[in-house]
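FYI, it's all coordinate maths here, none of it is from the lab. These numbers come from a predicted model, not from an experiment.
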Amino acid sequence: MKKFISLLIVVLLITSVLLTGCSEKPTDIQKVRLIEVTHSIFYTPQYVAIEMGLFEKQGLSIELTNGGGADKCMAAMVSGEADIAFMGPEASVYVYLQGRDDLAVNFAQLTQRDGSFIVGREKDDNFTIDKLKGHTILGGRKGGMPLMALEYVLKQNNLTPGVNIDVRTDVQFDMMAGAFASGEADYTTLFEPLASSFELEGNGYVVESVGRLAGYIPYTCYSALESYIEKNPEIIQGFSNALYEAMVWVDEHSAMEVAEVILPQFADTDVEFLAKIVQTYRDLEAWNPDLVLGEDGYDRLIDIMKLAGEIQEGAPYSEIQTPDFAIKAKENYKK
């Protein structure tokens, strides 16, 4: 797969003029149906690419939908309802292990930390993870990256789910906020802007970042079916080019400038509130600056999945990951 994609990229470079750096928008716009795992400020560079017209610059029109969980995103892509899915790369591992012929291949990694926060019912400026002992926390869907990252943190701190902490997995990812607000569990994990919104509304308090505790994890990636990539390498390359340009722009501008650009994606949010969260994710080094999911990062993902008891063996890196489009996006940007 990896060699085939590399060859396609070489052919494209020889036979076509790269769109990156062109001042005029292409006249032939191709629609891309993109489904995201959730709509969160955690994915700021993606929204910058949309709002600044960087996808259009690459000849792409993005139709964005919220899947409400990696399992739903993968189902949509496999069934042909989406072209590209933005979700945890663990989903591609599961598809490989199921023995599908048409694999889900990750081609760009946007985030490199868990983007969720532990939210409690009481304000606690001196929170430590051991305070979760004897309590109940909503952890998300079994087998999903949010739950596995949380359990990794707990186990690293001598907390064992089902023994000295109750980690609930019976509440769907997109229902966790409502369940916690209605009184279920002592703690939950939430992404932004939900976590900070809870504080403003008095429904809970952010006490810790799962990403800070867990460290580097290839957390959210863009994937497409192998068949789609083979048919549409120019779309995947253009998509990667736009993301990389957005990533550079985010890195070079202030949190307020970034917030002003992505505000239409969060229309009910105050721009200063938005800027604060953008800065929080920046301080966490949440975004993967080169979009490349390397083998070392992938191996760490597999280790976390094994620790969670979800798999015994992983999938070969070269079968479900390709760094070629991300690497080429960086090269294209510099031209």
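Details
- Distance from the C-alpha centroid of the range 120-186 to that of the range 219-237: 34 Å, rounded to the whole angstrom.
- Antiparallel bridges, percent of DSSP beta bridges restricted to the chain (to nearest 5): 50 percent
- In this structure, the residue pairs whose Cα-Cα separation is over 27 Å, taken from LYS57/LYS142; LYS155/LYS330; LYS133/LYS306; LYS72/LYS306, are LYS57/LYS142; LYS155/LYS330.
- Diffusion coefficient of the range 117-214 by Stokes-Einstein, Kirkwood radius over Cα pairs, 37 °C, 0.692 mPa s: 250 µm²/s.
- Partners for LYS328 among aspartates and glutamates (Cα-Cα distance below 18 Å; same-chain residues under 8 apart left out): GLU230, GLU234, GLU245, ASP290, GLU295
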